[in-house]
Each structure stands twice: as structure tokens, then as C-alpha cells.
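Below you'll find the structure, written out as C-alpha cells, and then a few comments.
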Amino acid sequence: MRTLLYTYFLLASFPVIAQQFSGGIGDGFSYAEVTDGMNFNSVGGVGDGFSFGSDISNGIFYFSGGHGDGFSYNELLNSNSSYYVGGIGDGFSFISLEPVIPPLLCTYVDNNWVGVNGDWSNPSNWSSGTVPDICNNVTIDDPFVVTINPGVDALARTLNLDGDLHIINGGSLSLDGQDTLGHVVEILGGRLYNQGLLAIENYGSGSVSRSGIRITSNGVLENNNTISIDSIGANTSHGIQIVNGIFTNESNSTLTIANGILANGYGIRNTDSLTNNGNISMNNFLGLGAIFNQSIFTNNGTIAITDVRGGILNQDSIFNYGTISGENISEFPGLKNSRVDSYLSNHTSGDVEMNNVSDSYMIDNIGSILNDGNISLLNTSIGGITMDGGTISNNGTLYCEFHLGIGIFMESSQLNNAGMLEIVDYSNGLFDGLKNTSQSSIINSGTIHIIKGL
């Protein structure tokens, strides 16, 4: 969403439909009328009292806002398949302008790469003879190498990538993907290197049927700046799905997955190689959980999971050298090792914190957990850790506070403690801090504290 700021005088609303644009008259200060006709040419005027930069539209239907000498105005962009609807400003407020893709105005067409010079912005490089817009399904085949240069805000509906795509710092690619039956971005053995902005968002009423990004056929996704997957719709399988390939979120980079309904999917599902050296934020979406790992997952950076149904489901190997936090997880465990060969290694630099998991144990383990760092479990509702045949080896610090349920529940499992294990009981003695059943064993060469919370 882009916004246009107005002064503290009430402005008339200006609905925008198809090719017709009209400005309004402000009370107190007058504004020149802006009219857009069939040729998509419009020039704004200057208000008396405060001056305003002109708004100019060209043949590809872009609008650019200006700056007032008393109040500043945000830039406003539009594509040839979108329209804006304005509102009413009140007092010191502003008008919110939301881009919408009207289904009747957007005809989905294929636009394939046919060029040789690598410039996304060159119309002659595309099969349609025009640079892709938000209605285009884009395909880049091997061995083509395409570049989105600084200052270029590229658009597409979907992207199928068997070649290479480089988004340079200062450039961006925004994809919509509404009503598509496939994935918004599918890396089919190609390589996508992002140094700018890669944004996937559902601007329309239709939903994305499959994943936001799917990597297969030994494809590569490398993020060195910002990837945002936001509000992508009710039918989506996963935010990012790594089937057969590599996803690396590099140092000082950010991946955000938020505000979507992933149906029976996850924010990230990994069945090959997932490495985070930067920052991953996953919040406020419905689905089965944030991360489903079925292969090798290495975290050297920061992962923050908030306001989701489940945290991390692990069926293979997780190596944590950084920080993993989960907060306000509503239904499934914060971390679940769901197979006997599932393995979590939290290294000496690793920090795992789960806070307020409401309807499940914070950690559910039938595999193996090796902790050489810090694990903190706060504000439990059902309990801290449950183990059914699993093993936990603690050489670092394991802290668990519980209000309801059991701090650590063991059934046919083993706890090896050579570090510090501290369990704080906030249940006033109604529940057990550590419950050992069904031939479970505890081997302690460290320190175990079970204390009553204040």
C-alpha cells in the first residue's frame, strides 16, 4: 500500500475507474483539476497557499507524486492493470490509496524472455514486445542471464526460472500471482540472486493456489537483501518450498513471511538445503506451522516466529548457531522432533527461546536434542517438554518455567544432564516439575534445580 499525504483541509474524494481520473477541490486552498483521458496523459496543478509538485502520467500509466513546501507527499506508482480509490482526508489525516487488480481489466498472458543483452527493462527482450507488467506470466529459460538494474521496479504475475535472474541493489521485482494454479515463483533448475527487493503479495481478491516460491531441479535462491511474502491467500501451500535445491538467506539480509492463510502448509518447507545467516521473520499467518524441516537446516542468524499456529516441525537435522525465538504459538508445539531419527543440535552460541505456547507442550521430542547453548521455555500452558522415547543431552543451560501442566514429562526416554537444568514451578505445587515414568532414565553430572516461583 502506498499513501499520499494531504494538508489539514478536507479534500473531496476522487474515485478512479478504468481510464478516468479527476481531481477535487480543497476547501480553504484550491487545487487545480487533474483529468486523465484516453491517452493516459495528465498533469497536476499548483495549489495557492501551498505549492504542490505536478503529477504526470505517461503511456505506461505511471504516476509520480510531488513534494509540498509545507507538507511532503509520498511517491505514488501505478501499473496499466491497476486502479486506485481515494478516500476523504480529515484534519491532519491522509488518503489511503490501495492498488487493486480488477479481474476484468487484467488479461493474463505469457511473456517469455527472448533477448540477448540481459536487460529486463528492454522491451525487445520479451516475446510480447513489451516489458512485463503485473498481468504477465514470465518465463526465463536456460542459458539466459537477466538483470533487474538499480532504479528498476519490475513487475510480473508469476515467474518460471530455468535461467539466471539477478536483482541488483536498488532494483526490485514485485509479483502478484492471484488466481494462479501454480506457484508464484518457480525456480526450475535456475538461479535467483537477490540483492534488492523481491516482493510477493496478493493485491487482488483471488488467492494463490500453491507456494509463493518453489525451488526444484537443483535450483538456487540466494537472498542478499530483502524478500517479502505477504498476504498471499487462502489456498497457498507454503511461503517457500525447497523440494530439490538450495535456499540461503545471507548475512544482513531479511526474509519476511506474514499475514497469509497457508491452508495446510508452512511458512517454509525444506526437503533439501536451508541455511539462514541473516534474519527471518514469520508472523501472523494461519497454517500448520512456521517451518517444516525434512532435510538439513542450519541457522547462523536470527529466526523470530510470532502469532502462528505452530513453530518448527523437524523430521531430520537442525543445527542452530544463532537465535530461534517463538512467541504466541497457538496450537502446535514450538519445536517438535517428530521422528526417532530427528535431531536438533543447539551449539554453544545457540539460543532457543519459546514464550507462551498455549495449547501444546513447548518442545515435543521423540528424537534427539543436544544442547550446548541456552534453551529457555517461558509461560507454558500445557507443559515445557514432553518426551516419548526421545533423548535430551544438556551440556549448556536448560530453563523451564511452567504455570500449568508438567515442566518436563518423560516416558520411555532419557535425560542426560551435564549442564544446568532449572525448572521453576508457578503452579503452586499443583503439577510436577519433572515427571519420570515408564522406565525413563536421568543421568546427572551437572546441576538440577526445581524451585517454586514467586
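The strands (runs of 3 or more DSSP E) falling completely within the stretch 362-454 that include 2 or more residues that are charged (D, E, K, R) map to 420-425. The single residue among Gly433, Gly383 that is under 25 Å from Arg339 (Cβ atoms), touching a strand residue (DSSP E or B) at 6+ places or on another chain (Cβ under 9 Å) and not aromatic (Phe, Trp, Tyr) turns out to be Gly383. Per this entry, Ser438 is counted among residues that are over 37 Å from the mean Cα position of the chain (by Cα) and either farther than 23 Å from Asp372 by Cα or not assigned by TED's automatic domain parsing to the domain that holds Gly350 (or both). Here is the figure for the stretch 431-454: residues that are of a type outside the set (Gly, Ala, Ser) and under 21 Å from Asn355 (Cα atoms) total 8. Criterion first (farther than 20 Å from Ala199 by Cα and either at pLDDT below 95 or not in a strand (DSSP E or B) (or both)) does Phe332 satisfy it? So Phe332 fits the description; yes. Within the stretch 244-293, the set of residues being assigned to a loop (DSSP other than H, G, I, E, B), modelled with pLDDT under 95 and crowded, with 19+ Cβ neighbours inside 10 Å comprises Gly260, Leu262, Gly265, Gly287, Leu288. One residue is enough: does the stretch 357-369 have a residue meeting the conditions assigned by TED's automatic domain parsing to the domain that holds Ser438, touching a strand residue (DSSP E or B) at 6+ places or on another chain (Cβ under 7 Å), at pLDDT 95 or above and of a type in the set (Val, Ile, Thr)? Yes - at least one qualifying residue is present in the stretch 357-369. When Gly310, Gly278 are checked against the criterion of being more than 21 Å from Tyr361 (Cβ to Cβ) and under 17 Å from the mean Cα position of the chain (by Cα), a single residue qualifies: Gly278. Here the strands (runs of 3 or more DSSP E) wholly within the stretch 105-203 that include at least 1 residues being farther than 21 Å from Asn225 by Cβ and not charged (D, E, K, R) are 109-112, 136-140, 158-161, 185-188. If you go through the stretch 345-359 and pick out every residue that is outside any strand (DSSP E or B), among the hydroxyl-bearing types (Ser, Thr, Tyr) and in contact with a Ser or Thr (Cβ under 8 Å, 6 or more places away or on another chain), you end up with 1.
When you go through (1) in a loop (DSSP other than H, G, I, E, B); (2) surrounded by 23 or more Cβ atoms within 10 Å (Cβ to Cβ) one by one for Asp341, which number turns out not to apply? With respect to (1) in a loop (DSSP other than H, G, I, E, B); (2) surrounded by 23 or more Cβ atoms within 10 Å (Cβ to Cβ), Asp341 is out only on (2).
Taken over the stretch 298-311, residues that are in a strand (DSSP E or B) and closer than 16 Å to Gly373 by Cβ amount to 4.
Residue-level check: of (1) surrounded by fewer than 21 Cβ atoms within 10 Å (Cβ to Cβ); (2) over 19 Å from Ser360 (Cα atoms), Leu421 misses just (1).
Inclusion of Gly115 among residues that are in the same structural domain as Asp230 (by TED's automatic domain parsing) and modelled with pLDDT of 95 or more is not warranted.
Counting only residues that are surrounded by fewer than 24 Cβ atoms within 10 Å (Cβ to Cβ) and either within 15 Å of the chain's Cα centre (by Cα) or closer than 15 Å to Glu353 by Cβ (or both), the stretch 322-336 holds 5 of them.
The values are calculated or read from the model by the stated rules, or taken from the named source; none is laboratory data. Just so it is clear, the structure is predicted and the values come from calculations on it, not from any experiment. Cβ atoms come from the backbone with ideal geometry, glycine included; neighbour counts cover every protein chain shown.
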